[in-house]
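Taking it in order: structure first as structure tokens, then the write-up.
The values are calculated or read from the model by the stated rules, or taken from the named source; none is laboratory data. Note that the structure is predicted; figures quoted are calculated from it, not measured. We place every Cβ from the backbone using ideal geometry, glycine too, and count neighbours over all the protein chains shown.
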Amino acid sequence: MRTRGVPGTDERARLRSTLGAALRRERVARRLSQRSLATLAGCDRRTVQRLEAGQLRPTTALVAALAHALAVPPGYAPAGRRELVDALRAELVAAAGPSLVESTPGGARRRRRRLRRARLAATRVAVPLVRAQRGLPPQRQAARVVPADVAQAVRRYAR
């Protein structure tokens, strides 16, 4: 019998060599740590670590959140990058293969809500950085507390 999140030995090796390798390759190409990617995707660092090691079966909502976090840098509009998000999601889904678990409606809603919160927090940090890179004057912003891990993840992505 197959448990929901824990793969067997053979499946673990296959996930590590396919999904784990693809996720690690994309993460390293964007110079992100596991913690930074997890922060931008609205999940825990341990989740990214377990996916890369092949110790966790991914859900469709988690794969979509990771693809979005990898494809759209904080502070940029996702509208122009929809094709990149879709291509990256298709690559990760193909790498997961039959191990991909369909998200429940409630789980998908929670994942979208977490991703939206993570993206809003990251955008609050990224917009001043993007404006500075483009030589634009800073905008007045309402004082909002942004978690330190979000600020660190955005600065790492911007490098």
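If you go through region 17-29 one residue at a time, how many are in contact with a helix residue (DSSP H, G or I) (Cβ under 6 Å, 6 or more places away or on another chain) and either of a type outside the set (S, T, N, Q) or modelled with pLDDT of 95 or more (or both)? Matching residues across region 17-29 total 7.
Take Leu15 and tell me if it is in a loop (DSSP other than H, G, I, E, B) and not polar (S, T, N, Q). So Leu15 does not fit the description; no. Residues of region 23-61 that are farther than 14 Å from Val101 by Cβ, in a helix (DSSP H, G or I), under 12 Å from the mean Cα position of the chain (by Cα) and of a type in the set (A, V, I, L, M, F, W, C): Leu23, Leu37, Ala38, Leu40, Ala41, Val48. Inclusion of Val93 among residues that are touching a strand residue (DSSP E or B) at 6+ places or on another chain (Cβ under 9 Å), surrounded by fewer than 20 Cβ atoms within 10 Å (Cβ to Cβ) and hydrophobic (A, V, I, L, M, F, W, C) is not warranted. Every listed requirement among (1) assigned to a helix (DSSP H, G or I); (2) under 14 Å from the mean Cα position of the chain (by Cα); (3) farther than 20 Å from Arg110 by Cα is met by Pro74 save one, (1).
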